[in-house]
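Asker: I have a structure I would like to understand better, so I am pasting it below and will then ask my questions one at a time.
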């Protein structure tokens, strides 16, 4: 009984919050909407202001309590909507089981439906937020930037051809196929939709072929499908957005024309390529400019994230200005700059950038699904059984056919061909979502059957998101799709993989044929020789093997520390009680950790443990006294100092007189940790090094080369 | 088609070769053309200098090891058969080949690919990768960017991770085991040799 109550209470809490919030919001809106639907209804709040029923123009009484809603109306409403959507998101994760089986998009749409229902019953219109401008200029860029920034580059470039193939050719296939089939349906008199022209059909078809990755990718990640499938779906969705928007604009333009000539069609195709390639080149240019700018931000770390966002958004806007593909521009910008920027900016900025991008992208996506739900209830729908059901049917059919045919064509060119299960995953994972909805909603009013199209799009989206979204997970599990095998990184893997890459590159040279390894090699050489010198501030070309090695060593050292920190009561302490209060926990244990580390490596690094320990302790406590025990600096310095000690203790130092190497290692380690420009830490760094140096001096004798 | 069959006839034992390696006639012809292009003096076999003349291969960090893999111990020349057999290691794996119980393992099986990679490390052919051999490979791959100390630490760590019987060297079984999660078929295959 207790358990049931506990499980249900967060859920009921959630429902209460949402109902109250929406009701409250509905009431507010009703009260404060300046263009109120019923003029006879007097807003109740305004009565507070009318303290004086006959205001005398001569004397102005000071109202004790005033409300000025219109002033804050717009930001207020925006904030409330976003907050509501965020509550919904929080609510889902409180009850964990739901999110496993039902993708988040479904839940958001459901909540949107509920809120829409409430608003509809109160005869209220939803906020006019989904205008063309608002969507394309404010809501779409964050989503696309999010996808572009977090795209794993290596698998992406390895599968570049496949991704482009599915994105471009696939979308074209879908649009044209669905468009023609629907036009054929339109000719059948019984459905009564003869007035829809071919161009309008193509327009509608291009809208419903835009695929949306979020739900599918979460499922793929959860069941760890193999990389190839993941990256193809991801990449396809990303570029497919660009293609769809281009097609949409194309058909929009064409639909407005009365007569379409062949010349127009060729011009449009040419335009398509210009747009796509132009976007790519533009994006790459902006990416390089951003990377170059971050080279100089060493002294102004706070504005680094801002620069990244500004440049990306600028790329988007200028691409819109030039009417080239803005989505491609922003994606390529993010892809190119990521590599260089992450080397130039500080650790904190890096985290900030990632975090903010994820946050804004997720807010945007959430809002769009939410509005989908709301709008479903509140708009005027035009329903036509034949047209809409056939649209749904054709959408599914053409996607399936498309994947089948396209895979057959491209499989011979792939090293790992897609088998039928992969193809099923690809086809079934084609959920429609945010972009389709927004494109439908922003159709110009000149399209006669706009409402029909909106209804059709909503039906397709809801069907795919709910039915396919919920069933894809059990189906994929049932079919036992190939799983990924990158689970743990070991240094072995990295080294052997590198060797194999070199081998294959060498054999390819031997055979005299090129493949993507050749291009990759060439690019890496160009990169190292020219690009890195220009775009990166302090250019220490670090092999991925060495980077991985450092990372793994640090992880090991931290694991040892974590292991020991639990055993505080059991370990004997050499530190006298008077220090206990002023020293935080990690310090208390460093002596034991040091001892354990030494025994863990099975090699005694210092010939005389006890004296070394005492020296370290004394140094350490003298240092600790100069810091306030609970301060942030104290704990940070402490951790860093700890790590440095562990790391050096962990090293095998059979040879004497290599202290300078040790100091170098500590210094680099501390540098890696302290990418934050912090004057205190900068002061502390030499002190720390000096301490450790002195310890080793006393242990190894005066063979100190610096 | 006439020219291809006549070229095929010129190559001795070509059926046996195709059977062993699984290459199609078109591939064999292409490889034969390449062989002839490399064999500038037209002797019918290749010597190390011919390999060294390939510029990119000379710049490859492990280029000399790859070249060395072609020459079996004691022999100083590579004839066409050996050339093709070594290259057969890099064919992508045929998934739909029926497994005849008595036929030998195909050259491009996963295990044989691994053996090829192993022998690139193990130059003295004692069946183990010792610390020194590993160090040599690391030095050639990473040489200029890292200090000797770091190289040694990396080598130590590598051996520590893979060495299960604690003999400070990596045997073939340990090598295979450490790579069991890696998709060797993908990494050690060249698409156009299918």
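Asker: Going by the conditions given, is residue A:298 within 20 Å of residue A:156 (Cβ to Cβ) and touching a residue at least 40 places away in the same chain (Cβ under 8 Å)?
Answerer: no
Asker: Working only within the range B:131-165, note down all residues that are without any contact (Cβ under 8 Å) to a residue 12 or more places away in the chain, within 19 Å of residue B:61 (Cβ to Cβ) and outside any helix (DSSP H, G or I).
Answerer: Matches in the range B:131-165: B:144, B:145, B:146, B:147.
Asker: Suppose we filter A:332, A:327 for residues that are buried (at least 24 other Cβ atoms within 10 Å of the Cβ) and within 17 Å of the chain's Cα centre (by Cα); which single one remains?
Answerer: Result: A:327 is the single residue among A:332, A:327 that is buried (at least 24 other Cβ atoms within 10 Å of the Cβ) and within 17 Å of the chain's Cα centre (by Cα).
Asker: Exactly one condition in (1) in contact with a strand residue (DSSP E or B) (Cβ under 8 Å, 6 or more places away or on another chain); (2) within 14 Å of chain B (Cβ to nearest Cβ); (3) at pLDDT 85 or above is not met by residue A:410; state its number.
Answerer: The number of the failed condition is (1).
Asker: Given the conditions (1) at the interface with another protein chain (Cβ under 9 Å from one of its Cβ atoms); (2) touching a helix residue (DSSP H, G or I) at 6+ places or on another chain (Cβ under 6 Å); (3) crowded, with 18+ Cβ neighbours inside 10 Å, report the number of the one that residue B:174 does not fulfil.
Answerer: For residue B:174, the failing item is (1).
Asker: Could you tell me whether residue A:500 is under 24 Å from residue B:117 (Cα atoms), surrounded by fewer than 19 Cβ atoms within 10 Å (Cβ to Cβ) and at pLDDT 75 or above?
Answerer: When the stated conditions are applied, residue A:500 does not pass them.
Asker: Do we have residue A:323 as in contact (Cβ under 8 Å) with a residue 24 or more places away in the chain and part of a loop (DSSP other than H, G, I, E, B) here?
Answerer: When the stated conditions are applied, residue A:323 passes them.
Asker: Within the group B:169, B:162, which residue is at pLDDT 80 or above, at the interface with another protein chain (Cβ under 7 Å from one of its Cβ atoms), over 15 Å from residue A:546 (Cα atoms) and in contact with a strand residue (DSSP E or B) (Cβ under 7 Å, 6 or more places away or on another chain)?
Answerer: Just one listed residue meets the conditions, B:162.
Asker: Can you confirm whether residue A:232 is over 18 Å from the mean Cα position of the chain (by Cα), modelled with pLDDT of 85 or more and not in a loop (DSSP other than H, G, I, E, B)?
Answerer: No; evaluated as a whole, the condition is false for this residue.
Asker: Out of (1) modelled with pLDDT under 85; (2) surrounded by 15 or more Cβ atoms within 10 Å (Cβ to Cβ), the odd one out for residue A:525 is which?
Answerer: Failed condition: (2).
Asker: Take the range A:541-569 and flag every residue that is over 18 Å from residue A:497 (Cβ atoms), away from chain B (no Cβ under 11 Å) and at pLDDT 70 or above.
Answerer: Selection gives A:554, A:555, A:557, A:558, A:559.
Asker: Among residues belonging to the range A:464-484 that are surrounded by 13 or more Cβ atoms within 10 Å (Cβ to Cβ) and part of a loop (DSSP other than H, G, I, E, B), point out the one that is modelled with the lowest pLDDT.
Answerer: If we take residues in the range A:464-484 being surrounded by 13 or more Cβ atoms within 10 Å (Cβ to Cβ) and part of a loop (DSSP other than H, G, I, E, B), then A:484 is modelled with the lowest pLDDT.
Asker: Here's a follow-up. If we keep just the residues of the range A:74-94 that are more than 23 Å from the chain's Cα centre (by Cα) and modelled with pLDDT under 85, which is nearest to residue A:358 (Cα to Cα)?
Answerer: Out of the qualifying residues, it is A:77.
Asker: Looking at the range A:292-308, which of its residues are buried (at least 18 other Cβ atoms within 10 Å of the Cβ) and within 27 Å of residue A:140 (Cβ to Cβ)?
Answerer: Residues satisfying the conditions are A:293, A:294, A:304, A:305, A:307, A:308.
Asker: Condition first: more than 14 Å from chain B (Cβ to nearest Cβ) and either within 27 Å of residue A:246 (Cα to Cα) or without any contact (Cβ under 8 Å) to a residue 24 or more places away in the chain (or both). Can you find one or more residues in the range A:338-346 that meet it?
Answerer: Scanning the range A:338-346, I find at least one residue that is more than 14 Å from chain B (Cβ to nearest Cβ) and either within 27 Å of residue A:246 (Cα to Cα) or without any contact (Cβ under 8 Å) to a residue 24 or more places away in the chain (or both), so the answer is yes.
So that you can scan it fast, the table gives a plain yes or no per residue for (1) modelled with pLDDT of 85 or more; (2) surrounded by 15 or more Cβ atoms within 10 Å (Cβ to Cβ):
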| site | (1), (2) |
| --- | --- |
| A:106 | no, yes |
| A:109 | no, yes |
| A:118 | no, yes |
| A:123 | no, no |
| A:135 | no, yes |
| A:142 | yes, yes |
| A:155 | no, yes |
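Asker: Can you find, within the range A:413-458, the residue that is farthest from the chain's Cα centre (by Cα) among those that are part of a loop (DSSP other than H, G, I, E, B), away from chain B (no Cβ under 14 Å) and surrounded by fewer than 23 Cβ atoms within 10 Å (Cβ to Cβ)?
Answerer: A:448
Asker: How about the range A:92-184: which helices (runs of 4 or more DSSP H) wholly inside it have at least 1 residues that are not assigned by TED's automatic domain parsing to the domain that holds residue A:390?
Answerer: A:96-101, A:104-121
Asker: Now, a different point. For the range B:135-154, what are the residues that are under 20 Å from residue A:503 (Cα atoms) and either more than 8 Å from chain A (Cβ to nearest Cβ) or touching a strand residue (DSSP E or B) at 6+ places or on another chain (Cβ under 7 Å) (or both)?
Answerer: Selection gives B:135, B:136, B:139, B:140, B:143, B:144.
The values are calculated or read from the model by the stated rules, or taken from the named source; none is laboratory data. Everything quoted here is computed from the prediction, not taken from an experiment. Virtual Cβ from ideal backbone geometry, glycine too; neighbours counted across all protein chains shown.
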